[in-house]
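Here is the structure we will look at.
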Amino acid sequence: MTLPAAVSLMAFAIGLVFTFLSLGIASAPGWRQMRPFALLSATTGFYALADVVTTLRAPHAWLIFGSEVNLFCGALHCVGWMLYMAVDRPMPRTDRAILWISIGFALLCFVPGALVSDRVQSHPVPWLGVVYDDVLPTTLGGASYAFYCIVFAIPVWRYGRKWRQGVPAARALAVGAGIVCAGAMNDALV
């Protein structure tokens, strides 16, 4: 097993722990905002799990399936952020549009050739001792990556603004969303 695969497995485990913790907390009165947070944790964890195959020189079909799962998790992560940000306020029309576009991308993820091509590009990383095998997205798949990056920037901006206003917990949400957004941009560029 490669180091990146081991890190992905650990991230998956952490995502599952936070998913179940969030669901448990959400069952308490006054903590319903933890339901969409559980979706955010689950999609992050399963995204990491699907990344395991990229450095294992896995069969072609596994690489394609992993890429489809990654795009599916990205779409559901967008849904999770829209739901999370709407827990304490009505969902604006733009957020509802983002939610439905995200659901549309999620539905397309497992349609052969819709978002993911059958071409694999290898990227050796000698200092890490691994070769990353990345499945190239279709044009629509590339657009989905760009869409996800834009959507992930929305909570960074909103919670960053709240952080500057002194709203409790906004800093943690802005930083967490920022890390996800940076990771998404990295994956999109790769």
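Looking at the range 124-147 only, could you name the residues that are in a strand (DSSP E or B), surrounded by 12 or more Cβ atoms within 10 Å (Cβ to Cβ) and over 22 Å from the mean Cα position of the chain (by Cα)? Step through it out loud before you land on a result.
Just the residues of the range 124-147 that are in a strand (DSSP E or B), to begin with: 124-125, 130-137.
Those left that are additionally surrounded by 12 or more Cβ atoms within 10 Å (Cβ to Cβ): 125, 130-137.
Answer for the range 124-147, where residues must be in a strand (DSSP E or B), surrounded by 12 or more Cβ atoms within 10 Å (Cβ to Cβ) and over 22 Å from the mean Cα position of the chain (by Cα): V125, V130, V131.
I'd like to verify a number: residues in the range 13-52 that are touching a residue at least 40 places away in the same chain (Cβ under 8 Å) and either aromatic (F, W, Y) or within 18 Å of S67 (Cβ to Cβ) (or both), how many?
Looking only at that region, the number is 6.
When the range 56-94 is examined, which residues are found to be more than 20 Å from S144 (Cβ to Cβ), open to solvent by 10 Å² or more (accessible area, probe 1.4 Å) and not charged (D, E, K, R)? Please lay out each step first, then the result.
The first filter runs over the range 56-94 and keeps only residues more than 20 Å from S144 (Cβ to Cβ), leaving 56-62, 84-93.
Cutting the leftovers down to open to solvent by 10 Å² or more (accessible area, probe 1.4 Å) gives us 56-62, 84, 86-93.
Within the range 56-94, L56, A58, P59, H60, A61, W62, Y84, A86, V87, P90, M91, P92 meet the criteria.
Identify all residues within the range 105-141 that are small (G, A, S) and either farther than 27 Å from R158 by Cα or free of Cβ contacts under 8 Å to residues at least 24 places away in the same chain (or both); write none if there are none. Steps first, answer last, please.
Within the range 105-141, the subset small (G, A, S) is 106, 113-114, 117, 122, 129, 141.
If the condition is that a residue be small (G, A, S) and either farther than 27 Å from R158 by Cα or free of Cβ contacts under 8 Å to residues at least 24 places away in the same chain (or both), then G113, A114, S117, S122, G129 are the ones that fit.
Of all residues in the range 157-169, count the ones that are part of a helix (DSSP H, G or I) and open to solvent by 50 Å² or more (accessible area, probe 1.4 Å).
First, pick out the residues of the range 157-169 that are part of a helix (DSSP H, G or I): 157-164.
Okay, now just the ones that are also open to solvent by 50 Å² or more (accessible area, probe 1.4 Å), so 157, 161-164.
Result for the range 157-169: 5.
So which of L83, L63 ends up being at pLDDT 95 or above, over 21 Å from R119 (Cβ atoms) and under 19 Å from the mean Cα position of the chain (by Cα)?
Just one listed residue meets the conditions, L83.
Within the range 105-123, which residues are assigned to a strand (DSSP E or B) and either in contact with a Lys or Arg (Cβ under 8 Å, 6 or more places away or on another chain) or crowded, with 19+ Cβ neighbours inside 10 Å (or both)? Steps first, please.
Restricting attention to the range 105-123, the residues satisfying the condition of being assigned to a strand (DSSP E or B) are 116-123.
Scanning the range 105-123 gives a single hit, V116.
Residues in the range 82-104 that are part of a helix (DSSP H, G or I) and either touching a Phe, Trp or Tyr at 6+ places or on another chain (Cβ under 7 Å) or of a type in the set (A, V, I, L, M) (or both): how many? Talk me through it step by step, then tell me what you get.
Filtering the range 82-104 down to residues part of a helix (DSSP H, G or I) leaves 82-85, 93-104.
If we keep only those that are either touching a Phe, Trp or Tyr at 6+ places or on another chain (Cβ under 7 Å) or of a type in the set (A, V, I, L, M) (or both) as well, we get 82-85, 97-99, 101, 103.
The total comes to 9.
Determine the pairs where a residue that is without any contact (Cβ under 8 Å) to a residue 60 or more places away in the chain and open to solvent by 20 Å² or more (accessible area, probe 1.4 Å), located within the range 170-183, has a partner that is part of a helix (DSSP H, G or I) and of a type in the set (S, T, Y) with Cβ atoms under 6 Å apart, the partner being 6 or more residues away or on another chain.
Between residues of the range 170-183 that are without any contact (Cβ under 8 Å) to a residue 60 or more places away in the chain and open to solvent by 20 Å² or more (accessible area, probe 1.4 Å) and residues that are part of a helix (DSSP H, G or I) and of a type in the set (S, T, Y), the close pairs are L173/Y159.
Tell me which residues, restricted to the range 29-51, are surrounded by fewer than 16 Cβ atoms within 10 Å (Cβ to Cβ) and farther than 19 Å from A169 by Cα. Quick ask: steps written out before the conclusion?
If we filter the range 29-51 for residues that are surrounded by fewer than 16 Cβ atoms within 10 Å (Cβ to Cβ), which is where we start, we get 29-32.
P29, the sole residue that qualifies.
Only one of these is among the aromatic types (F, W, Y) and under 26 Å from H60 (Cβ atoms): F147, F110. Name it.
On the way: F147 fails: under 26 Å from H60 (Cβ atoms).
Of the residues listed, the single one that is among the aromatic types (F, W, Y) and under 26 Å from H60 (Cβ atoms) is F110.
The values are calculated or read from the model by the stated rules, or taken from the named source; none is laboratory data. Computed from a predicted structure; not experimentally measured. Here the Cβ is made from the backbone with ideal geometry for all residues, glycine too, and neighbour counts use every protein chain on show. For accessibility, only protein heavy atoms count, side chains too; no ligands or nucleic acids. Shrake-Rupley method; radii C 1.70, N 1.55, O 1.52, S 1.80 Å.
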